[in-house]
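Structure first, commentary second.
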């Protein structure tokens, strides 16, 4: 898989910002099939940084309902929290 | 801050302002902080988004706010520094603006004229003191009586002062008058027309020839159309009129008694007399007051000459022209005629606009120094008065005035009145007897 397929987007959130400041960790939305080592290589390639550690988890999509439509849910996705080597940075947004 | 001024014309200046980089940066920081405090970005609770993200997302709005803020601040400061009283800002041109850049701009503006206020305390004026005489009251009463005049038919021959009802048909050199000028129809033939037998009524010499006629009489009246007659073709020619008198009517004035007084809403004649006297006196007082004010204003303004700002003059002129045209249209003067006299109207409007604007500046300056102001209550009073005059509910009046944006004008009006009152109070007013009795 291509690096651009593995890393879908950066999640910019309050929690993520906090982790970036404290632990130099950045949160990504990754392809569900990608493994942690794949994500590590992709981030290193895309952002030209050194990744120390990757933690991943599967996020179940939120249930969505609308009065006029059949109930459904958002797609499930994989969240990847990537810890960078001290001194490396990713400029967000 | 760096400010330089260039003169462009009477009361017109070009202002160059440059705000230093530090100030610009500081303003940017402050505005960004303001935005951060309430920014809503997805993924963050309101106001919790990090500063750099806010700056990035709201950049255009931050710039706009900062620019406005800097402009307002520096413009005000610059005006104060240069001691300019800004009336209107005509044009603003931005030279440079941005983070890490000085904020430079130029403004074309008009400011209040500068002038030395002459001594305005202890001006002198003469007030004409006139009392209403009995003759004045009598004259006014006669006018009132004439408004209720009745014409009674009489059988006696007509005398001067009577009214005759006639049919007439006029010719000149054997031809109807309409042959000379088609617009002369009313002069040529008319039925049942009322004529007052008096010198100069209708064609000169016409009615005099009807003295002594009784109802049913037929007479031939010969007249010479005088110099300056409305129909130029007829001037100097002799007209022959066949006149049939259908009735002679005597003019009867209502008798001056309690009954007449009652018809005018007074309880008796004495009360009517008093009322008339009071009205006349009020009128006289009003006139005297206005004369005094005119004198004061003239003394104040005459020695002063200073440039007046063009745009203010133009506005005032336009208003005056509008008023004049409106007034004339209401009086039923044809549009074409007004159009014809356009230049004249404009000229006179321009002259009086000059005086009024000048007066307003001087009076406002005095008001400032003497701390004369207009409070809400006075405006409210004026509006109530206006509402009464226009027979409207006060709150409706307020709305109309708001639509016309008339409040500043009203305020100015009240202020002018107050300053003039003040001037009068602080002036040496000499009482002199009236030169001539004014007409009632």
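The values are calculated or read from the model by the stated rules, or taken from the named source; none is laboratory data. Predicted model, so just to flag it, every value in this text is computed and none were measured. Cβ placement follows ideal geometry from the backbone for every residue including glycine, while neighbour counts extend to all protein chains displayed.
Within the range A:6-17, take every residue that is surrounded by 13 or more Cβ atoms within 10 Å (Cβ to Cβ) and more than 9 Å from the chain's Cα centre (by Cα) and give me the one that is farthest from the other protein chains (Cβ to nearest Cβ). For the range A:6-17, the residue satisfying everything is A:6. Candidates are the residues of the range B:35-62 that are closer than 24 Å to residue B:73 by Cα and touching a helix residue (DSSP H, G or I) at 6+ places or on another chain (Cβ under 8 Å); the one that is surrounded by the fewest Cβ atoms within 10 Å (Cβ to Cβ) is B:61. Selection over the range B:47-56 of residues that are part of a helix (DSSP H, G or I) and within 8 Å of chain A (Cβ to nearest Cβ) gives a count of 2. Against the test of being modelled with pLDDT under 85 and in contact with a strand residue (DSSP E or B) (Cβ under 7 Å, 6 or more places away or on another chain), the options B:368, B:424, B:431, B:409 yield a single qualifying residue, B:431.
Which is loosely packed, with under 14 Cβ neighbours inside 10 Å and closer than 18 Å to residue B:117 by Cα, of B:368, B:403?
On the way: B:403 fails: closer than 18 Å to residue B:117 by Cα.
Within the list B:368, B:403, the selection yields B:368.
Exactly one residue among B:362, B:374 is crowded, with 17+ Cβ neighbours inside 10 Å, over 17 Å from the mean Cα position of the chain (by Cα) and not in a helix (DSSP H, G or I), and that residue is B:374. Among the residues that make up the range B:274-297, is at least one of them in the same structural domain as residue B:417 (by TED's automatic domain parsing), touching a residue at least 40 places away in the same chain (Cβ under 8 Å) and exposed (fewer than 14 other Cβ atoms within 10 Å of the Cβ)? No; the residues of the range B:274-297 include none that is in the same structural domain as residue B:417 (by TED's automatic domain parsing), touching a residue at least 40 places away in the same chain (Cβ under 8 Å) and exposed (fewer than 14 other Cβ atoms within 10 Å of the Cβ). As a summary of the residue check, residue B:119 satisfies the conditions (1) more than 14 Å from every other protein chain (Cβ to nearest Cβ); (2) surrounded by 12 or more Cβ atoms within 10 Å (Cβ to Cβ) except for the one numbered (2). A single member of B:402, B:388, B:412 is closer than 27 Å to residue B:362 by Cβ and in a helix (DSSP H, G or I), and it is B:412. Among the residues making up the range B:100-116, those that are farther than 23 Å from residue B:302 by Cα and surrounded by 14 or more Cβ atoms within 10 Å (Cβ to Cβ) are B:102, B:103, B:104, B:105, B:106, B:107, B:108, B:109, B:110. Here residue B:155 clears all of (1) touching a residue at least 60 places away in the same chain (Cβ under 8 Å); (2) closer than 16 Å to residue B:207 by Cβ; (3) surrounded by fewer than 14 Cβ atoms within 10 Å (Cβ to Cβ) except the condition numbered (2).
Which fully enclosed helices (runs of 4 or more DSSP H) of the range A:1-92 have 1 or more residues being modelled with pLDDT of 90 or more and touching a helix residue (DSSP H, G or I) at 6+ places or on another chain (Cβ under 6 Å)? Give the derivation first.
Details: elements: A:3-6, A:14-23, A:36-47.
Answer list for the range A:1-92: A:3-6, A:36-47.
Per the conditions (1) surrounded by fewer than 17 Cβ atoms within 10 Å (Cβ to Cβ); (2) assigned to a loop (DSSP other than H, G, I, E, B), the sole criterion not satisfied by residue B:351 is (2).
Taken together, the residues in the range B:14-41 that are over 27 Å from residue B:2 (Cα atoms) and not in a helix (DSSP H, G or I) amount to 3.
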